[in-house]
2 protein chains.
Amino acid sequence: MANEFVVNPWEVKGDIDYDKLIKEFGLKPLQNLPEEFSDNVLFSRGFVFAHRDFNKILDCIKEKEPFVMMTGLMPTGKFHLGHMMVAQQMIFYQNLGAKIYIAVADIEAYHQRQQSLEDSKKIAIDEYITNYIALGLKPENCEIYFQSNRSGDGKKASAFYRLQNQLARHATFNEFKAVYGDLTPGKIIASTLQASDMLHAQLPEFEGKIPVVVPVGSDQDPHIRIARDMAKRFPEYQFDSLCSTYHKFMPGLGSGKMSASDPNSFIALTDSPSEVKKKINKHAFSGGRETLEEHRKLGGNPDIDVSYQYLTYFEEDTQKLKQIYDDYKSGKLLSGELKKILIDKLSNFLTKHQEAREKAKNMIAKFI
Amino acid sequence: MANEFVVNPWEVKGDIDYDKLIKEFGLKPLQNLPEEFSDNVLFSRGFVFAHRDFNKILDCIKEKEPFVMMTGLMPTGKFHLGHMMVAQQMIFYQNLGAKIYIAVADIEAYHQRQQSLEDSKKIAIDEYITNYIALGLKPENCEIYFQSNRSGDGKKASAFYRLQNQLARHATFNEFKAVYGDLTPGKIIASTLQASDMLHAQLPEFEGKIPVVVPVGSDQDPHIRIARDMAKRFPEYQFDSLCSTYHKFMPGLGSGKMSASDPNSFIALTDSPSEVKKKINKHAFSGGRETLEEHRKLGGNPDIDVSYQYLTYFEEDTQKLKQIYDDYKSGKLLSGELKKILIDKLSNFLTKHQEAREKAKNMIAKFI
């Protein structure tokens, strides 16, 4: 089959048909969002495209009721544009009044990458948390914690790990296997801990029963499903069922997936403007024609052009974006020119962001 | 084979050949103990018969260096004479200066018996901890905690569960399977938690590196082995390898194993003297002869007589015990008379113990 695609926590490949994925996973398309979402390109341009039980969160926003946004970070590699999509959602929800819970998945990295807790801490701070702050995360109404060290008093810490220890009774080996493929003891441990990450905000020791939304990439749904299932079967506490949203993958520069092991596949938020210029000119997959003449005559294909895809994320002015699309398609705008628009946009953003990062470094202590 | 026996955490059957068991498990016989042990019948009469690395503990006792005795209790059923053997070892080591760590295995009971944490707490207090106190456990130098709620500040609680979460990387599925038979996610969770129970006293947040002895029944060695193995492979911290001692099973009244589901197989420390009299007269397996005449002529067999076995535990006066043995063997002492000696001994002990239990109830708060 031409269009075969695979999307799961262990493999993402092929041309992803998001409509089909919605049906396969049993998600709902994200539609008819209220005004608060209209200025955010992630929502207005369909990057965040599907959900489970998100109406509960919309109700909270409408009624100004409290809710929690929970997400985790795997402290490996460079913080790149793909990670930025999650960070922007955190900040968006925080500004809407949500309490933010962020788990540093250092135990998961310990099991799956044999990475020490010390290395995880360093990467989490230098790469992830510093960038979150520079992007606008505020310390108020925000709990960042390490899986290996749930902050707070003994009562809170015990409640978090107690939930992990109890949850394991409520899923079978086969269910874990369906999510994780080949199982190891470490994967089971990490999965129950991840479920506690997603659910523990609702415990009496934390916020009490409260709607929680977990925004994830669409490969992460199996994690959501198993946590929802365990929560439903939990006899001791009636959890509000987890809400989740799903965002599309930001394509890698070469049009495949961004890969942490290939720096030319992504743009990191610590890349210098000159590196970015080089990466885009050399590696960004182009929808332009082979020759200048052909391009002028037949026009380019913005729909497969990675630079254009990135602009749909970075160019907030919809009119301007449409002009770029039309000009590229007609052949008026050349590939090099399109790339230059992106390079300028990104350089401008990264220069400001990297200044913000320097200030952010002094604020780390307010967060952890 | 006539003498086939099975001893593992899931099954104990047959006539146990403890010498063979020492070889099979790779234990060392417990010999040449110093003076401190000579007055304790558990040691002087060979109830505690084997060990791993116990010399480290003997050195601590000799040099008056600190050490820890750690044990766990599974909060199910009635506290009976079998449990008392462990309690007496706790108290013995506490009197020798050891710090005592006692884990209430409520998470294990949650997984393996589907027992709620509330029920576990009640049973742990009413049956186990109250009896420990009545038997002489002191609150000083003693930490009793629940697996679901490691007491102390957030730092301590996190350190305990962090160790659990990390340990899972250091054993394979097959190793867990060898210990636990059919695996479930809950058994893996409970096993890693149990390993943390045994090892965490050595962490800097608790006692720091220190010798730890875990006294167990000889069916529990696989638990010790897997915890020792995980500890050895742990890259972040060099644990002192666990020491352990092994005690024999106290026979059930009917000469099989004591079974929590059959009250006539054990004597509980809350049984009334009249219940005990009935149980022993009716159910205690006798080594006596069929008829009075035969018994007088041929003598009884104390070695298979359960009442005599219990007296080896309760009659501290070795001379008296030898007299009973000889008289029974010669036929001078009848089965009913032997039973009466035990009944009197036990009634006396239980009457005093049950008074002590009433006082102990007011002391619970000092322990947990």
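The values are calculated or read from the model by the stated rules, or taken from the named source; none is laboratory data. Because the structure is predicted, anything quoted here is derived from the model rather than measured. Note that each Cβ is placed from the backbone with ideal geometry, even for glycine, and that neighbours are counted across all protein chains shown.
Remark: pairs (first residue in the range A:54-75, hydroxyl-bearing (Ser, Thr, Tyr); second residue in a helix (DSSP H, G or I); Cβ separation under 7 Å; 6+ apart in sequence or on different chains) = A:THR71/A:VAL86; A:THR71/A:MET90. If I filter the range A:155-180 down to residues being more than 7 Å from chain B (Cβ to nearest Cβ) and among the hydrophobic types (A, V, I, L, M, F, W, C), which single residue comes out as surrounded by the fewest Cβ atoms within 10 Å (Cβ to Cβ)? If we take residues in the range A:155-180 being more than 7 Å from chain B (Cβ to nearest Cβ) and among the hydrophobic types (A, V, I, L, M, F, W, C), then A:ALA178 is surrounded by the fewest Cβ atoms within 10 Å (Cβ to Cβ). Scanning the range A:83-95 finds no residues that are outside any helix (DSSP H, G or I) and either at pLDDT below 95 or more than 14 Å from chain B (Cβ to nearest Cβ) (or both).
Within the range A:272-279, is even one residue more than 13 Å from A:LEU346 (Cβ to Cβ), acidic (Asp, Glu) and either over 20 Å from the mean Cα position of the chain (by Cα) or at pLDDT 95 or above (or both)? No, every residue in the range A:272-279 fails to be more than 13 Å from A:LEU346 (Cβ to Cβ), acidic (Asp, Glu) and either over 20 Å from the mean Cα position of the chain (by Cα) or at pLDDT 95 or above (or both). Counting the residues of the range A:112-122 that are part of a helix (DSSP H, G or I), buried (at least 17 other Cβ atoms within 10 Å of the Cβ) and at pLDDT 95 or above gives 3.
Candidates are the residues of the range B:138-147 that are surrounded by fewer than 23 Cβ atoms within 10 Å (Cβ to Cβ) and in contact with a helix residue (DSSP H, G or I) (Cβ under 6 Å, 6 or more places away or on another chain); the one that is nearest to A:PHE146 (Cα to Cα) is B:PHE146. Screening B:ILE125, B:ILE129 for residues that are within 20 Å of B:THR270 (Cβ to Cβ), β-branched (Val, Ile, Thr) and buried (at least 21 other Cβ atoms within 10 Å of the Cβ) leaves exactly one candidate, B:ILE129.
Residues in the range B:8-38 that are touching a residue at least 60 places away in the same chain (Cβ under 8 Å) and over 23 Å from B:PRO222 (Cα atoms): B:GLU36 only. Checked across the range A:212-233, the condition of being within 13 Å of chain B (Cβ to nearest Cβ) and in contact with a strand residue (DSSP E or B) (Cβ under 6 Å, 6 or more places away or on another chain) holds for no residue. Only strands (runs of 3 or more DSSP E) whose full extent lies in the range B:1-79 are considered here, and the ones with at least 3 residues that are at pLDDT 95 or above, assigned by TED's automatic domain parsing to the domain that holds B:ILE129 and not charged (D, E, K, R) are B:48-52, B:68-73.
Annotation note: of A:LYS322, A:LYS282, A:LYS277, the sole residue that is in contact (Cβ under 8 Å) with a residue 12 or more places away in the chain and out of contact with any Ser or Thr (no Cβ under 9 Å at 6 or more places or on another chain) is A:LYS282. Screening the range A:181-199 for residues that are in contact (Cβ under 8 Å) with a residue 40 or more places away in the chain and among the hydrophobic types (A, V, I, L, M, F, W, C) and picking the one that is surrounded by the most Cβ atoms within 10 Å (Cβ to Cβ) gives A:LEU193.
Within the range B:184-240, the set of residues being farther than 13 Å from B:HIS170 by Cβ and of a type in the set (S, T, N, Q) comprises B:THR184, B:GLN194, B:GLN202, B:SER218, B:GLN220, B:GLN238.
Checking B:THR291, B:THR351 one by one, the residue that is over 23 Å from the mean Cα position of the chain (by Cα) and surrounded by fewer than 13 Cβ atoms within 10 Å (Cβ to Cβ) is B:THR291 and no other. Number of residues in the range B:111-154 that are facing chain A (nearest Cβ under 9 Å) and within 19 Å of the chain's Cα centre (by Cα) equals 2. The combined condition, being assigned to a loop (DSSP other than H, G, I, E, B), at pLDDT below 95, within 26 Å of B:ASP53 (Cα to Cα) and within 13 Å of chain A (Cβ to nearest Cβ), is fulfilled by B:GLU236. Among residues that are on the phi > 0 side of the Ramachandran plot, surrounded by fewer than 20 Cβ atoms within 10 Å (Cβ to Cβ) and at pLDDT 95 or above, B:GLY336 is not included. For the range B:226-274, the tally of residues that are of a type in the set (A, V, I, L, M, F, W, C) and under 30 Å from B:SER286 (Cβ atoms) stands at 9.
Selection of the range A:333-368 for residues being in contact (Cβ under 8 Å) with a residue 60 or more places away in the chain, of a type outside the set (A, V, I, L, M) and outside any helix (DSSP H, G or I) yields only A:PHE367. Evaluation of B:LYS64 against the conditions (1) loosely packed, with under 14 Cβ neighbours inside 10 Å; (2) under 25 Å from B:ALA227 (Cα atoms) shows that the sole unmet condition is (2).
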